[in-house]
Amino acid sequence: MPDMTGRVEGKIACITGAANGIGRCVALTLAKEGATVIATDLQREAGVSLAAEIEAAGGNAMFIQHDVTAEADWDTVIATIRDVFGRLDVLVNNAGIGLPSSPVTRVGLDDWKRLMAVNVDGPFLGVKHALPLMREHGGGSIINVSSIAGIKASANASAYCASKGAVRLFTKSVALECAAANDGIRVNSVHPGIVETAIWDTLIGTAPEETGSRPRGATLAAFTSNAVPLGRPGLPEEIAAGILWLASDESSYVTGTELVIDGARSIA
């Protein structure tokens, strides 16, 4: 059995959308467990701060400003990883956005296209550009962050559900390609439920008032007390723990699967 300390020791891991929320927690978790982290995000200040925090704690990290919808940016990210580290062992396609709850007839085409660009084009481009580098060094683990919205449909969330459903089946298709190629690369998706992050406040309309009179998450907690069988929202750390497992060699026989971490919301 693999050593349960330093669970990703020596691995080179790239996490997109790493400046906040689940991505930030994943970066901190993988770094704590021994990985060298390449954190990417559009938000430079928060990304630089994250890398500095990891370094201050004794870890290894680099931040790259990155628009996951831009293929040229992916060229730069992968070229930088190749030049600096020589290989890539883990890719976490985490960057994603949501839209406020809305009937499909009120979803603007520009909003639809932007959401699909980030949530679907981003993982596609990440996989497309990371695979060659991973294959040069005998394999790796790709983890695409989907959502329970990619498994269980919700009214007034058609665009988000469509994007996350696409990630789910894209993941399975690439997993089969890699298995057929015998390239040592495992590809899995993670499906968080309602988690204490800003994207869920956007999706279900529980963001705080502009005045700041209501603390973020108060209404989210009230919503999940009824909507989630476990009675509470998930924590970013709980999602990061699942991603850590998929990134590690502990999951060496796991590919093409969907890891649902949702307090039983998707089966209720």
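Quick notes on this structure:
- Number of residues in the stretch 229-252 that are among the aliphatic types (A, V, I, L, M) and surrounded by fewer than 19 Cβ atoms within 10 Å (Cβ to Cβ) equals 3.
- Selection count where residues are out of contact with any Leu (no Cβ under 8 Å at 6 or more places or on another chain) and in contact (Cβ under 8 Å) with a residue 40 or more places away in the chain, scope the stretch 26-37: 2
- Consider the stretch 105-135 and keep the residues that are open to solvent by 100 Å² or more (accessible area, probe 1.4 Å) and more than 16 Å from Glu177 (Cα to Cα). The one that is nearest to the chain's Cα centre (by Cα) is Arg114.
- Qualifying residue in the stretch 8-25 (condition: assigned by the TED database to the domain that holds Ile97, under 23 Å from Gly234 (Cβ atoms) and without any contact (Cβ under 8 Å) to a residue 40 or more places away in the chain): yes
- Of residues in the stretch 136-179 being outside any helix (DSSP H, G or I) and of a type in the set (A, V, I, L, M, F, W, C), the one nearest to the chain's Cα centre (by Cα): Val145
- Verdict on Thr16 being more than 23 Å from Pro192 (Cα to Cα) and in contact with a Gly (Cβ under 9 Å, 6 or more places away or on another chain): no
- Residue tally, condition open to solvent by 40 Å² or more (accessible area, probe 1.4 Å) and not charged (D, E, K, R), over the stretch 87-98: 1
- Selection status of Val167, at pLDDT 95 or above, under 23 Å from Lys11 (Cα atoms), assigned by the TED database to the domain that holds Ala18 and in contact with a helix residue (DSSP H, G or I) (Cβ under 8 Å, 6 or more places away or on another chain): no
The values are calculated or read from the model by the stated rules, or taken from the named source; none is laboratory data. On a predicted model such as this, the values are computed, not experimentally measured, just so you know. Glycine also receives a Cβ, built like all others from the backbone with ideal geometry; neighbour counts cover every protein chain displayed. The protein model used for the area step is the full one, side chains on, heavy atoms only, and it has no ligands, DNA or RNA in it. Shrake-Rupley method; radii C 1.70, N 1.55, O 1.52, S 1.80 Å.
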